[in-house]
Amino acid sequence: MSARDTVLARVRRALGEPPSDAKTIEAEAAALVPHLNEVRPRLDDSDAVERFIEKATSDRVTATVERLPSPDALPTAVHQYLDRGDLGPRVAAALPPILRDLHWDALELKDEIDRNEAVALSYAEAAIAETGTLVFPSSPTVPTLFSFLALHHLAVVRADDILPHKEDAYQRFVGRALPRSLVLVTGTSGTADIEGQNIRGAHGPRYLHILILDAS
Amino acid sequence: MTITYTSDHFKEQAHQALGEPNLQRALDRTTTLLQARRARAYAEFEEFESTRDAASRIKDHVLRHLDHYLERFETAATAAGCKVHWARTADEACAIVVDLCKAARAQTVTRVKSMLGEEIGLPEALDGAGLERVETDLAEHINQLAGDRPSHIVIPALHKTREEVSELFREAHGHGRRIEEVAELVQSARLALREKYFKADVGISGANFLIADTGSVCTVTNEGNAELTMELPRVHIVTAGIEKLVPSMDHAAVLLRVLARSALGMEITQYTTFLTGPRRPGDRDGPEEMHIVLVDAGRTELLADELAPILKCIRCAACINHCPVYGQIGGHAYGGIYQGPMGSVLTPMAASLAKAKDLPHACTLNGRCVDVCPVKIPLTDLIRTLRERIWQQQLTDRPTRWGLGLWGQVVRRPALYRLASRISARALRVWARGKPMIKRLPLDGAWTKSRDFPTPEPGGTFMERYRRGER
Ligand code: SF4
């Protein structure tokens with residue numbers, strides 16, 4: 001017997017009863033999460049964007065947030081961030097065409113990311129107000145590594161894409177083919193491995209700056 | 001590769017741990033912090049109890065239909081382009097991973113610590129195959145340099161103080177400096193490990209959850225090392241226990257909410273990643289091959305056993321952080337991979353009951369672990385069951401057997417028990433000579449070696465006072 005068949009046979013023997021049919025099992029599974037409000041924090045009526053900002057900038061998530069009136073304001077905002085940190089003009093960018101085609105002339109935007117890149121700019125397709133989380137589905141336009149390699153991570157998200165809960169964000173991707181990697185980013189790379197002290201910039205970004213685009 | 005368990009030397013190891021001032025300091029600093037953080041997360045999440053209920057029921061449901069979910073996951077993961085492997089034993093799992101590394105002509109392998117990997121002895125197997133193994137979690141990096149085992153399932157270098165880490169990095173990172181700040185130590189490791197991520201041919205990780213309906217592997221980390229390990233090498237291998245399944249991402253969401261809060265007092269970890277298959281056409285990153293090894297290694301045996309609820313464990317370590325015994329002796333005393341209450345139940349599975357016979361006794365049955373377990377595992381009941389088995393299988397040392405046998409005779413006769421406790425309570429008061437705590441118990445010196453026994457109160461035994469209506 002193959003290892004697969006042995007393990008499955010052992011499981012069935014251990015469970016004893018004959019297996020239920022798939023439909024029954026699925027109905028039972030669905031019944032386990034029927035009242036979503038019992039299994040997640042209730043968000044009072046505050047607006048999702050405000051809650052997101054509050055969470056993302058909390059002392060536990062430690063991101064900084066800037067709200068831009070329209071996508072056109074993005075290049076200037078990025079430029080100012082670089083100036084403030086004296087980071088030079090170079091940015092590794094992973095943006096959808098509509099943002100890539102803005103007027104970036106004052107900056108040096110590149111489509112590849114180096115292993116010790118200083119600044120990366122990438123586009124989050126959604127965000128979660130519950131926890132102040134950005135959602136990055138991998139794609140040829142936005143590769144996963146743009147969220148991990150640079151010391152400064154600048155993330156762009158549209159205000160309309162900020163959703164209340166995790167489940168709302170999953171809903172966007174489940175059903176249609178799930179992206180190869182779906183990464184939920186909440187703040188910066190951190191560790192508490194030495195004496196439980198929270199330190200930022202363990203392997204990934206030390207700084208996360210979120211640029212929220214309001215619809216113009 | 002089978003790892004060496006030293007759980008049969010528990011008593012010596014625990015005794016030694018009590019005498020190590022560095023360890024005591026590290027334990028004290030960390031467990032206090034983690035308890036406070038969890039308490040805060042609990043207080044801030046009003047729906048914690050109902051979420052915990054749901055989390056527990058989800059895990060029960062999956063175990064009851066494990067065959068269904070395993071097959072469902074295999075189908076979905078295969079459709080996404082993964083290759084799914086099955087392993088009956090720890091050795092078989094290691095052999096599969098080593099063969100995959102050889103097939104990839106790998107020289108350097110990066111690894112994210114997973115408890116299953118530790119349990120099956122994967123680090124030893126990779127070393128044995130002559131591969132350069134690079135542990136990428138900061139704590140595991142420290143342990144690898146020190147030649148230590150993890151002492152805690154979530155904070156594996158909890159036993160190390162910053163001073164000790166500094167000493168290790170000074171040489172290994174080649175800068176020769178004595179770093180005092182924790183932040184600078186982290187930076188030193190960042191620089192040393194970055195090159196390795198790019199050099200590796202194979203990345204090996206574990207899974208916090210396997211999503212049955214999408215075939216995805218879910219990992220949660222704070223450092224971001226998992227993603228660098230999973231994305232950069234050409235081949236990615238996941239090893240996971242068969243109990244890691246959940247029906248869907250919505251079910252995972254429930255478990256994720258209790259996991260991070262219970263482990264570190266966080267609402268969510270910094271990174272939660274769902275991987276569904278290898279690199280797709282047009283992708284600019286991701287591995288070309290993705291393998292998932294589903295491992296039994298004793299789990300199906302547990303499934304048929306009264307101890308089955310331990311298979312619900314999501315490895316959050318809350319029970320460990322709240323265990324007063326762990327808080328005193330730390331992780332290495334347990335002599336295996338798993339520590340504290342969950343370790344006392346899992347080590348007998350991973351090693352053997354005979355090897356681990358002292359662990360279920362290293363418990364005061366105070367029940368704090370049960371109160372904090374996010375999936376409601378009745379840990380103290382499981383520990384009691386193991387104690388009975390140890391007794392039945394005559395694994396207990398002779399003097400203890402003799403003493404417990406006598407005690408058993410006595411407690412089965414209420415009148416005799418009352419008489420005996422009356423006599424011993426009075427005897428102990430005499431022994432204590434008026435002091436509130438007894439430093440050494442007569443006939444049971446081991447019990448009081450590292451703890452004091454409260455002197456019985458005057459006024460007789462509980463039963464005597466109860467009958468007098470005092471209580
Ligand atoms: S037994 Fe419960 S509390 Fe302990 S690690 Fe497992 S899930 Fe966490």
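Observations on the structure shown:
- Close pairs from the range B:306-321: first at positive phi and in contact (Cβ under 8 Å) with a residue 12 or more places away in the chain, partner near the ligand (Cβ under 9 Å from one of its atoms) and polar (S, T, N, Q), Cβ under 8 Å, at least 6 apart: B:Ala317/B:Ser262
Rundown of residues vs (1) surrounded by fewer than 23 Cβ atoms within 10 Å (Cβ to Cβ); (2) among the hydroxyl-bearing types (Ser, Thr, Tyr); (3) touching a strand residue (DSSP E or B) at 6+ places or on another chain (Cβ under 8 Å); (4) touching a residue at least 12 places away in the same chain (Cβ under 8 Å), yes/no style:
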{"site": "B:Asp67", "(1), (2), (3), (4)": "yes, no, no, no"}
{"site": "B:Thr89", "(1), (2), (3), (4)": "yes, yes, no, yes"}
{"site": "B:Val98", "(1), (2), (3), (4)": "yes, no, no, yes"}
{"site": "B:Lys102", "(1), (2), (3), (4)": "yes, no, no, yes"}
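- For the range B:252-266, the count of residues that are away from the ligand (no atom under 16 Å from the Cβ) and more than 7 Å from chain A (Cβ to nearest Cβ) is zero.
- Unmet criterion (only one of (1) buried (at least 18 other Cβ atoms within 10 Å of the Cβ); (2) among the aliphatic types (A, V, I, L, M); (3) closer than 29 Å to B:Ala308 by Cα) for B:Ala39: (1)
- Some residue of the range A:74-86 being within 21 Å of the chain's Cα centre (by Cα), farther than 19 Å from B:Leu70 by Cβ and exposed (fewer than 11 other Cβ atoms within 10 Å of the Cβ): no
- Restricting attention to the range A:29-57, the residues that are in contact (Cβ under 8 Å) with a residue 12 or more places away in the chain and of a type in the set (Ser, Thr, Tyr) total 1.
- The listed residue being among the acidic types (Asp, Glu) and touching a residue at least 12 places away in the same chain (Cβ under 8 Å), out of A:Glu66, A:Glu26: A:Glu66
- Some residue of the range A:14-29 being surrounded by fewer than 17 Cβ atoms within 10 Å (Cβ to Cβ) and of a type in the set (A, V, I, L, M, F, W, C): yes
- Among (1) surrounded by 24 or more Cβ atoms within 10 Å (Cβ to Cβ); (2) within 16 Å of the ligand (Cβ to nearest atom); (3) in contact (Cβ under 8 Å) with a residue 40 or more places away in the chain - the single one B:Ala333 does not satisfy: (2)
Let's see how each residue does on (1) more than 10 Å from chain A (Cβ to nearest Cβ); (2) not charged (D, E, K, R):
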{"residue": "B:Ile3", "(1), (2)": "yes, yes"}
{"residue": "B:Gln13", "(1), (2)": "yes, yes"}
{"residue": "B:Leu18", "(1), (2)": "yes, yes"}
{"residue": "B:Pro21", "(1), (2)": "yes, yes"}
{"residue": "B:Leu63", "(1), (2)": "no, yes"}
{"residue": "B:His85", "(1), (2)": "no, yes"}
{"residue": "B:Thr89", "(1), (2)": "no, yes"}
{"residue": "B:Lys102", "(1), (2)": "yes, no"}
{"residue": "B:Gly117", "(1), (2)": "yes, yes"}
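- Those residues of the range B:281-298 which are surrounded by fewer than 23 Cβ atoms within 10 Å (Cβ to Cβ), among the charged types (D, E, K, R) and at the interface with chain A (Cβ under 9 Å from one of its Cβ atoms), in sequence order: B:Asp283, B:Arg284, B:Asp285
- The single condition from (1) more than 10 Å from the ligand (Cβ to nearest atom); (2) aliphatic (A, V, I, L, M); (3) out of contact with any Gly (no Cβ under 9 Å at 6 or more places or on another chain); (4) more than 14 Å from every other protein chain (Cβ to nearest Cβ) that B:Leu307 fails is (4).
- Given (1) closer than 22 Å to A:Glu28 by Cα; (2) crowded, with 24+ Cβ neighbours inside 10 Å; (3) within 16 Å of the ligand (Cβ to nearest atom), number of the condition B:Asn321 does not satisfy: (1)
- Filtered residue count, the range B:348-361, keeping only those that are surrounded by fewer than 22 Cβ atoms within 10 Å (Cβ to Cβ) and either of a type outside the set (A, V, I, L, M) or within 16 Å of the chain's Cα centre (by Cα) (or both): 4
- Residue count for the range A:147-178 under the criterion of being at the interface with chain B (Cβ under 9 Å from one of its Cβ atoms), within 20 Å of B:Leu228 (Cβ to Cβ) and within 13 Å of the chain's Cα centre (by Cα): the result is 2.
- Test: B:His173 is within 23 Å of B:Asn321 (Cβ to Cβ) and more than 9 Å from chain A (Cβ to nearest Cβ): no
- Answer from B:Leu302, B:Leu346 - the residue that is touching a residue at least 12 places away in the same chain (Cβ under 8 Å), over 28 Å from A:Asp168 (Cα atoms) and within 14 Å of chain A (Cβ to nearest Cβ): B:Leu302
- Filter result (hydrophobic (A, V, I, L, M, F, W, C) and away from the ligand (no atom under 16 Å from the Cβ)) within the range B:137-155: B:Leu138, B:Ala139, B:Ile142, B:Leu145, B:Ala146
- Total residues in the range A:75-96, condition in a helix (DSSP H, G or I) and not acidic (Asp, Glu): 10
Quick note: the coordinates plus some simple rules give every number you see, no bench work behind them. The shown structure was predicted, so the numbers you read here are calculated from the model rather than taken from an experiment. Cβ sites come from the backbone with ideal geometry, for glycine too, and all protein chains shown count toward neighbours.
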